[in-house]
Amino acid sequence: MNNIGPKQRRATRLAFLTAGLAMAAWAPLVPYVKARLGLEEAELGLLLLCLGVGSLLAMPLTGMLSARLGCRRVILVAGGLACLLLPCLSLAAGPLQLALALFMFGAAIGTLDVAMNIQAVMVEKASGGALMSGFHGLFSVGGFIGAGGMALLLWGSLSPPWASLVAAVIAAGVLAAASPHLLREPEPGGSNTLFVLPHGAVIFIGVLCFIVFLVEGAILDWSALFLTAARGLDASQGGLGYAAFAIAMTSGRLSGDRIVRRFGGKRVLLLGGLCAAGGFFVTVFAPTASVALLGFVLVGLGASNIVPILFTAAGNQAAMPASLAIAAITTIGYAGILAGPALIGFVAHASSLSVAFAGLGCALLLVAASAHLGATGKASAALRK
């Protein structure tokens, strides 16, 4: 841990950039794959679920792998596999082949996600200052590059297989640049246990992650419908809600380390939760679409540094080894992304989308309140760091 310095911090940022780039590069391919295989919406939905299932099954095991093998091996194998599989997604000959490719791609991305966050916790601990928001900010930057670059390649008449190959080569190049300075040694005091059920502070932190990831998944899938159906925005502009949210979140994360160093994780968690909750209430009660967009900006800014603070807290808690804790809260949080669209759909069907969004605002108030819960407990102590 004593040899961790600027090169290791840079390598960690590049790993996050790789993950964001590879994951986002798949999104623009979805319409092409749907059309090429002649899939109905329901069939496509089931196939896309394979990606999430692959991630969820791989994430809990990654903590053990990183503890045994070190972060470098796990990051390079998982990242390399994701790069190899990306072109395969556009070449699948039928639904079964696509399902298998998506499952493996999801497993690779999920493994990479957990391993790079374990490395991030180790690097941040050794550095003695807040770094997690910046790391997660690079993931968001990678998302913009991956989705935007792939869209430009396809718009330029490059075929989906060639476009995905270009994206895979770029992602592999970024990963190769990170390779020399990824952490080779396992986490000190890490566990070789295959799997441990989360307990203690890890459950508390995991539930908070679930709420924030639930919010992200809900905005991704439902913001366009809300703006068009409830606020009268033209369908061609429906994506502005998620764009406003994503840009605000990325900006907040890139400046988040300075904010956390100045105000502390506990205060940022409190104010961030209140800001994000307020953003939902602004969106719900907004008289016009432009004001609703401002609400999505507030949600993005408020939520931007909550998850990085929670990952730092997971690395500092004493209930479980950090590698297993990171794997646990990542799994719980990712379950929120998968469950979000369905949960919001059920609430919207029973009442309205506005009520569902207001419920998310109330859930974020609970996140804000958690900054002051159990002032003498280990979970709260971890959040203060």
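The values are calculated or read from the model by the stated rules, or taken from the named source; none is laboratory data. No experiment lies behind these values; they were computed from the predicted model shown. Every residue, glycine among them, receives a Cβ derived from its backbone with ideal geometry; neighbour counts consider all protein chains shown.
Quick notes on this structure:
- Evaluating ILE205 against the criteria (1) assigned by TED's automatic domain parsing to the domain that holds LEU44; (2) not in a loop (DSSP other than H, G, I, E, B) leaves one unmet condition, (1).
- Where a residue in the range 70-92 is on the phi > 0 side of the Ramachandran plot and its partner, wherever it lies, is among the aliphatic types (A, V, I, L, M) and buried (at least 23 other Cβ atoms within 10 Å of the Cβ), with Cβ under 8 Å and at least six apart: GLY70/LEU183
- Among residues of the range 232-244 that are on the phi > 0 side of the Ramachandran plot, those with a beta-carbon under 9 Å from a residue that is of a type outside the set (Phe, Trp, Tyr) and at pLDDT 85 or above at least six positions away or on a different chain give the pairs GLY232/THR288; GLY232/ALA289.
- So GLY241, is it at pLDDT below 90, in a helix (DSSP H, G or I), assigned by TED's automatic domain parsing to the domain that holds ILE344 and surrounded by 19 or more Cβ atoms within 10 Å (Cβ to Cβ): yes
- The condition (being surrounded by 24 or more Cβ atoms within 10 Å (Cβ to Cβ) and modelled with pLDDT under 95) is satisfied by just one residue among ALA319, ALA325: ALA325.
- Only listed residue being out of contact with any Leu (no Cβ under 7 Å at 6 or more places or on another chain) and at negative phi, chosen from PHE210, PHE226: PHE210
- Hits in the range 102-147 (condition: of a type in the set (S, T, N, Q), within 27 Å of LEU89 (Cβ to Cβ) and surrounded by fewer than 24 Cβ atoms within 10 Å (Cβ to Cβ)): SER140
- Selected residue [more than 22 Å from MET132 (Cα to Cα) and at pLDDT below 90] from GLY336, GLY361, GLY345: GLY345
- Residues that are among the polar types (S, T, N, Q) and closer than 21 Å to ASP257 by Cβ, drawn from the range 267-314: SER304, ASN305, THR312
- For the range 198-231, filtered to residues that are without any contact (Cβ under 8 Å) to a residue 24 or more places away in the chain and among the β-branched types (Val, Ile, Thr), the residue that is farthest from GLY300 (Cα to Cα) is ILE203.
- Taken over the range 78-99, the criterion of being among the hydrophobic types (A, V, I, L, M, F, W, C), assigned to a helix (DSSP H, G or I), in contact with a helix residue (DSSP H, G or I) (Cβ under 8 Å, 6 or more places away or on another chain) and surrounded by fewer than 21 Cβ atoms within 10 Å (Cβ to Cβ) is satisfied by LEU81, LEU84, CYS88, ALA99.
- Residues in the range 267-278 that are surrounded by 19 or more Cβ atoms within 10 Å (Cβ to Cβ) and touching a residue at least 40 places away in the same chain (Cβ under 8 Å): VAL268, LEU269, LEU270, GLY272, GLY273, ALA276, ALA277.
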